[in-house]
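A.B. asks: Below is one structure. I have some questions about it.
Every number in this text was worked out from the coordinates using simple rules, so none of it is lab data. Not measured: the values here are computed from a predicted model. As a convention, Cβ positions derive from the backbone with ideal geometry for all residues, glycine included, and neighbour counts pool all protein chains shown.
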Amino acid sequence: MADSAESYRFYRAKMVEVISENVIETASYTGVTALSPQVVNALKLVPRHKFVPDELRNYAYENRPLPIGHGQTISQPYIVAIMTDLLELQPEYVVLEIGTGSGYQAAVLSVLVDKVYSIEIIPALAQYAADNLQSLNYNNVIVRSGDGYKGWPEVAPFDSIIVTAGGKVPPALLSQLKPGGKMIIPVGNEGAVQSLTLFEKNVEGQLSQRQVLPVRFVPLVEGDNSN
Ligand code: SAH
């Protein structure tokens, strides 16, 4: 791949085509027959190659997860797309992400909503993501290092919550969701296939949930004492 902005844009557009085909193939599970134009636009804008290690840049627009160091991964682009789409985001929303990684999902959200808060448990990754997002001018994203299992009570409640590591459902997150809000999270035990699950809190505050898709995410760690 030639290392120019134009060629990256070309491969990014190809990636979006592949994702869109994937979305059609999985429509019977997800209920999503096509990504919203806003989500497609965000995927076309965010330079995923800036969120992977330099030596993996040539793979940045393949539809697969890649290692980002510290035993963690940048999520598969299709998964980022479908999770983002299922949240049905509005421009005025304030969104919480758990599991910043290198910051790719946060950047996609940043294009779509007013404010993004993102928590990463590995301090070196949190720092990397914060620097990276700032240098790319994603100025409406605030990253902090800490245990996302507890949410971010100081800035709650949130219109939407996206958890990008898989495990048990953190009760704090459900309580930090606004009435009318949605939360998407891979649910399941470590090592097992997880079930991507969409929670909805209605205006009366009652929760309902729907299993969307079998997935495999890195584990959601619980029990950090750094915050
Ligand atoms: N959102 C990322 C996905 C990164 S992988 C992307 O756009 O590609 C998931 C991340 O969740 C890892 O970096 C991992 O360190 C982090 N993580 C796991 N448990 C966590 C927790 N309890 N709180 C915050 N981050 C957590």
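A.B. asks: What is the local net charge at residue 113, summed over the other residues whose Cβ is closer than 14 Å to its Cβ (Lys, Arg +1; Asp, Glu -1)?
C.D. replies: Charge balance near residue 113 sits at -3.
A.B. asks: For residue 212, list long-range residues whose amide hydrogen, built 1.01 Å from N in the peptide plane, is under 5 Å from its own amide hydrogen.
C.D. replies: 196, 197, 198
A.B. asks: For a quick check: sort 104, 11 by the number of other beta carbons within 10 angstrom, fewest at the front.
C.D. replies: Ranked by crowding around the Cβ, least crowded first: 11, 104.
A.B. asks: Which FRET efficiency, nearest 0.05, do residue 29 and residue 204 yield, Cβ-Cβ r, R0 35 Å?
C.D. replies: Details: r = 28 Å, r/R0 = 0.81.
For R0 = 35 Å, the calculated efficiency reads 0.80.
A.B. asks: Moving to a separate point now. Which FRET efficiency value, to the nearest 0.05, do you get for residue 139 and residue 41 by plugging their Cβ-Cβ distance into 1/(1 + (r/R0)^6) with R0 = 22 Å?
C.D. replies: According to the calculation, E is roughly 0.75.
A.B. asks: Could you give the nm distance between label points at residue 17 and residue 131, where each point is 7 Å from its Cα heading toward the beta carbon?
C.D. replies: It works out to 3.7 nm between the two label points.
A.B. asks: For the chain, please report how many Lys pairs fall under 22 Å Cα to Cα, leaving out neighbours fewer than 8 apart on the same chain.
C.D. replies: Lysine pairs, 8 or more places apart or on different chains, close enough: 17.
A.B. asks: Would you please give the residues with an amide H less than 5 Å from that of residue 158, counting only those at least 5 places away or on a separate chain, with H modeled from the backbone geometry?
C.D. replies: For residue 158, the qualifying residues are 177, 178.
A.B. asks: Now for a separate question. List the residues, sorted by chain then number, that are 5 or more residues from residue 74 or on another chain and whose placed amide H is less than 5 Å from its amide H.
C.D. replies: 66, 68
A.B. asks: With no solvent and one equal point scatterer per Cα, compute the Debye intensity ratio I(q)/I(0) for the chain at 0.10, 0.14 Å⁻¹ and report its log10, rounded to two decimals.
C.D. replies: -0.40, -0.83
A.B. asks: Okay, next question. Whole-Hz ³J(HN,Hα) for each residue in segment 179-194, computed from phi via Karplus 6.51 cos²θ - 1.76 cosθ + 1.60 with θ = phi - 60°, x for glycine and proline: what do you get?
C.D. replies: In residue order, the calculated couplings are x, x, x, 10, 10, 10, 7, x, 10, x, 7, 4, x, 8, 5, 9 Hz.
A.B. asks: Further question: What percent do you get for the relative contact order of segment 94-174 when only Cα pairs under 8 Å and 6+ apart count?
C.D. replies: Dividing the mean separation by the residue count of segment 94-174 yields 38 percent.
A.B. asks: Rounded to whole Hz and in sequence order, give me ³J(HN,Hα) for segment 121-134 from the Karplus expression 6.51 cos²θ - 1.76 cosθ + 1.60, θ = phi - 60°, writing x for Gly and Pro.
C.D. replies: 7, 8, x, 5, 6, 4, 5, 4, 5, 4, 5, 4, 5, 5
A.B. asks: Still on this structure: With θ taken as phi - 60° and the coefficients 6.51, -1.76 and 1.60, list the Karplus ³J(HN,Hα) couplings across segment 158-173 in order, rounded to whole Hz; mark glycine and proline as x.
C.D. replies: 10, 6, 8, 10, 10, 10, 10, 9, x, x, 6, 7, x, x, 4, 5
A.B. asks: Tally Lys and Arg at +1 and Asp and Glu at -1 over the other residues with C-beta under 12 Å from the C-beta of residue 157: what net charge comes out?
C.D. replies: The answer is 0.
A.B. asks: Toward the positive end of the charge dipole of the chain, about the Cα centre and with charges on Cβ (Lys, Arg +1; Asp, Glu -1), which of 99, 148, 11 goes farthest?
C.D. replies: The listed residue farthest towards the positive side: 11.
A.B. asks: Something else about it: Place the peptides 119-125, 43-49, 19-25 in order of packing, highest mean first, counting for every residue the other Cβ atoms within 10 Å and averaging per peptide.
C.D. replies: Peptide ranking by packing, descending: 119-125, 43-49, 19-25.
A.B. asks: What FRET efficiency comes out for residue 88 versus residue 64 if R0 is 22 angstrom and r is the Cβ-Cβ distance? Round to the nearest 0.05.
C.D. replies: 0.25
A.B. asks: Once each part is reduced to its C-alpha centroid, what is the distance from segment 72-101 to segment 2-52 in angstrom?
C.D. replies: First find each Cα centre; the distance between them is then 13 Å.
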